[in-house]
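Contents: one structure, followed by commentary.
Only the coordinates and a few stated rules stand behind these numbers; no lab work does. In this text, all values refer to a predicted model and were calculated from it rather than measured experimentally. Cβ placement follows ideal geometry from the backbone for every residue including glycine, while neighbour counts extend to all protein chains displayed.
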Amino acid sequence: MIAGLLIMADRGCRVLQRQFDRWWIPRDNRRLATRTISIGQLNVAIDRAINWFAVLPGLEFGTITLLKPELDAGMEPKLAFVNHFLGCYASRFDNPELRLFDVKYKTGAEEHRNKQRIGSNHAINDVMFACVNATSETKMGPLFDQLRALEDRGMYGTTHIIWGALVLRHIGAASKADTESLIQRATPVMIARQEWDRCCDHFAERILFLQWTGQHEKIDPAWIHRLLEGQREDGGWQRHPTLLPARSIQHTTALALAVLIIMRAHIRDGFDGGFWAGDPA
């Protein structure tokens, strides 16, 4: 009973905090934006996050998806462990999303019959699976309608409109021209929510999708400072702000780590490109 009351109190506090944040965060962001983002700061945070992953027995598939592009682009060689865990994952599981790394991958094929089949566990994932299973023969109209229907005012639905567009582009099912309208429609909605949000899982995700779509100019430096300040003592990031005891989790930590690695490449090397823009084969 006490635990239930604490959870209810925490939820109530977060509702009140969000109302306050609509006024406070934009003002505080203006203060944070005047600070310099140094390569040294980024290096320290990146190394701490990589050390957090070093003690884990395995990686979630989402973590692999978030970190492999930065490894493949040569942005952080210390992420080499990602390839090892991708191989381990692919040897045990039949996941349609493995097509992200091999466009010829076919879930349900005879070669995967002894592997555990991975299915969707959320309505958003239903649409993502439809995207990753698409081909150049797939009718894009109905699929684009499904993506647009995910819109949820800057939360996970909005970010996954962009992710779905990138997936379709990456596997060659749809062109950049066809998917750009989805990205450009979702981007301002995503930014509007970002401007008054605290460091959390979807906060980091919004920044990463701006980076993955090459929209670095739309990233407020204050957001990077919030991400740096949100890193926990163990080197990871927790999912959401809370009054209750919390721990660092893989997904949020992978999001934040990917953002910081790309930001470092942007500042140090002038990187302004995107990811998931072409055929992986």
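Projecting the Cα positions of T63, S38, A73 onto the charge dipole of region 18-156 (unit charges on Cβ atoms of Lys, Arg, Asp and Glu, taken about the Cα centre) puts S38 furthest along the positive direction.
At 0.36 nm per residue, minus the direct Cα-Cα distance, what do E217 and E110 gain on full extension? Give it in nm, one decimal, please.
Numbers: separation 107, 0.36 × 107 = 38.52 nm, distance 4.64 nm.
That pair, E217 and E110, stretches by 33.9 nm at full extension.
If you wrap region 30-151 in the convex hull of its Cα atoms and look at it from every side, the mean projected area works out to 11.2 nm². Given a 10 angstrom Cα cut-off, can you work out which residue in A134, A109, A256 is the most mobile in a GNM of the chain? Per the Cα network of the chain with a 10 Å cutoff, A109 tops the list. Sequence gap at least 6, Cα distance under 8 Å: using those rules, report the relative contact order of region 28-168 to the nearest whole percent. Dividing the mean separation by the residue count of region 28-168 yields 15 percent. Compared with the dominant principal axis of the Cα atoms in the chain, helix 2-32 is inclined by about 80°. Taking Cα atoms only, the orientation of helix 39-54 departs from the longest principal axis of the chain by about 60 degrees. In terms of its alpha-carbon gyration tensor, the chain comes out rounded; the largest-to-smallest axis ratio a/c stays below the 1.5 threshold. Cβ crowding within 10 Å, taken as a proxy for footprinting-reagent exposure, orders I39, I191 from fewest neighbours to most as I39, I191.
Cut-off is 10 Å between beta-carbons; in what order do M155, M8 appear when sorted fewest neighbours first? If you can, show how the numbers build up before the last one.
Numbers: M155 17, M8 10.
Fewest to most other Cβ atoms nearby, the residues stand as M8, M155.
Inter-label distance, D145 to L5: 5.1 nm, where each label sits 7 Å from its Cα along the C-beta direction. Net length available on complete extension from T242 to E180 is 18.7 nm, with 0.36 nm assigned per residue and the Cα-Cα distance removed. Helix 123-132 axis versus longest C-alpha principal axis of the chain: approximately 50°, rounded to the nearest ten.
Only loop residues by DSSP count here, and only those with at most 12 other Cβ atoms within 10 Å; note down the trypsin sites (Lys or Arg not before Pro) in region 106-159 that meet that. Before the final figure, lay out each step's value.
On the way: sites: K106, R113, K115, R117, K139, R148, R153; in loops: K106, R113, K115, K139, R153.
In loop regions of region 106-159 (DSSP not H, G, I, E or B), the sparsely surrounded trypsin sites (Lys or Arg not before Pro) are R113, K139, R153.
Going by a ≥ b ≥ c, the root eigenvalues of the Cα gyration tensor, does region 143-281 fall in the rounded group (a/c under 1.5), the prolate group (a/b larger than b/c) or the oblate group? Note, shape of region 143-281 comes out prolate. For the chain, the relative contact order is 28 percent, taking Cα pairs closer than 8 Å that sit 6 or more residues apart in sequence and dividing their mean separation by the residue count.
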